[in-house]
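Presented below is the structure to which this report refers.
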Amino acid sequence: MPKVLHIGPCDTPGGMANVMRILAEHPPEGWVAELLPSHCKGSPWAKWRAYRRARNAFSQMLRDEKRRPDMIHIHTAADWSWWRKRRFAQMAYKAKLPNIVHIHSGQFDSWLGSSTKRVQKFNNDVQQNNSQVVVLSESWKERLSQFIGDAVAIHNPMKPELEFGQANTREPNKVLFLARNDPVKGGLFAQRVIESLRHKFPELVLAMSGISQSQNSWVLPLGWMTEAEKMHQLETATVLIVPSKFEGQPMVALEAIASGAPVLLSDTIHSLPSEIPKAKFEDIEDWQDKLEQILTSPQPMYPQSILDAYTLSNIQESWKELYASLLVQG
């Protein structure tokens, strides 16, 4: 069977790694898959060494007929993530292997569009390496079309073990924030919102991943969690909030819906179903109003069809079609 090699930060905690693992563990019918980690947590020097190890490992694979892949699937964010990953596309093209540049970043448009030279360089790289660009949704395809031309839109897949609409016993007054400790994720803003709402809802608490301690007694630090721990938080939360400035396609919101939890998104997020309510980015009054509505209303009943486009079987079929078409072209 043909083999697809996924290259990216599969060993680094985060959404991209989760997607890579799902795709590698559940390749399209008739395919096998392998992961090659290109990133690690730590200092810039540690990250550079991880990248160099990945390049060396990839080079060895290309020279070994028994290990040589048939398709190269490169997972990238913006900025330095792309400048490093482009080397893998170059190596794949030189080895006469089809390659995919799969853009996960929620700020790829602002990063790329801030420089005409950057746009030109990206497009030159894509054309010279005969790369197929893939984005996370039709809305991302539209946003990036002015910079990169045509691309294929394929959603991220949901975990196959998720069951829709489970009847869970929820902890009252627990607002959940699941993201890394990064300013663009809006963790400090989330704390401001909950602190303000506690005047009306004094029992309200904010459970936050990405931090291990807090000076506020009503903030529950969750640190980095296992997938099982994350699902427990989703199944017991009153509501999940995603106040990010940038997001590619936050699958945690869909996981929350599958578990039966309400979700409130920042209006900067455009690659998820329109039925999910939104609040204005960093507008504390709007977030307070929307959260108060959720806290004082019955649990929303989303139709199961809201998740159909993200089911693993549908995503597998999309990748199967794309892989097959690229093999024929190659």
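At-a-glance table
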item: Relative contact order (percent, whole number), region 174-308, Cα cutoff 8 Å, 6+ residue spacing; result: 23
item: Most mobile listed residue (Ile294, Ile257, Ile103) in the chain, GNM with C-alpha springs under 10 Å; result: Ile294
item: Per DSSP, loop trypsin sites (Lys or Arg not before Pro) in region 1-82 with at most 16 further Cβ within 10 Å; result: Lys41, Lys66, Arg67
item: Candidates Ser115, Ser81, Ser59, ranked by Gaussian network fluctuation over the chain, Cα under 10 Å, top entry; result: Ser115
item: Which label in (i) 66, 61, 41; (ii) 78, 49, 37; (iii) 64, 37, 35 gives the computed Cα extents along the principal axes in Å; result: (iii)
item: Residues with amide H under 5 Å from that of Lys278, placed H, sequence gap 5 or more; result: Leu265
item: Cα gyration tensor category, rounded, prolate or oblate, for region 132-290 with a/c compared to 1.5; result: prolate
item: Tally of Lys pairs whose C-alpha atoms are under 16 Å apart, taken over region 174-308, 8 or more apart or cross-chain; result: 11
item: For Leu240, residues with placed amide H under 5 Å, excluding near neighbours; result: Leu176, Val263, Leu264
item: Net dipole in debye of the chain [+1 Lys, Arg Cβ; -1 Asp, Glu Cβ; about Cα centre; nearest 20]; result: 1900
item: Percent antiparallel among DSSP beta bridges (both partners in the chain, rounded to 5); result: 0
item: Charge dipole (debye, nearest 20) of region 174-308; +1 at Cβ of Lys and Arg, -1 at Cβ of Asp and Glu; result: 260
item: Region 186-272: trypsin sites (Lys or Arg not before Pro) in DSSP coil with no more than 14 other Cβ atoms inside 10 Å; result: Lys200
item: Residue order, fewest to most beta carbons within 10 Å, for Tyr302, Tyr323; result: Tyr302, Tyr323
item: Hull shadow area, averaged, region 204-330 [alpha-carbon convex hull, nm²]; result: 10.1
item: Phi to ³J(HN,Hα) by Karplus 6.51 cos²θ - 1.76 cosθ + 1.60 over region 274-280, Hz, x for Gly, Pro; result: 5, 5, 6, x, 10, 10, 5
item: Bins of 5 Å from zero: percent of alpha-carbon pairs in region 62-189; result: 2, 9, 15, 17, 15, 13, 10, 8, 5, 3, 2, 0
item: Relative contact order of the chain, defined on C-alpha pairs under 8 angstrom at six or more residues apart (%); result: 15
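None of the figures in this text is laboratory data; all of them are computed from the coordinates on show. Just so it is clear, the model here is predicted, and its values are computed rather than measured. Using ideal geometry, Cβ is built from the backbone for each residue, glycine included, and neighbour counts are taken over all protein chains shown.
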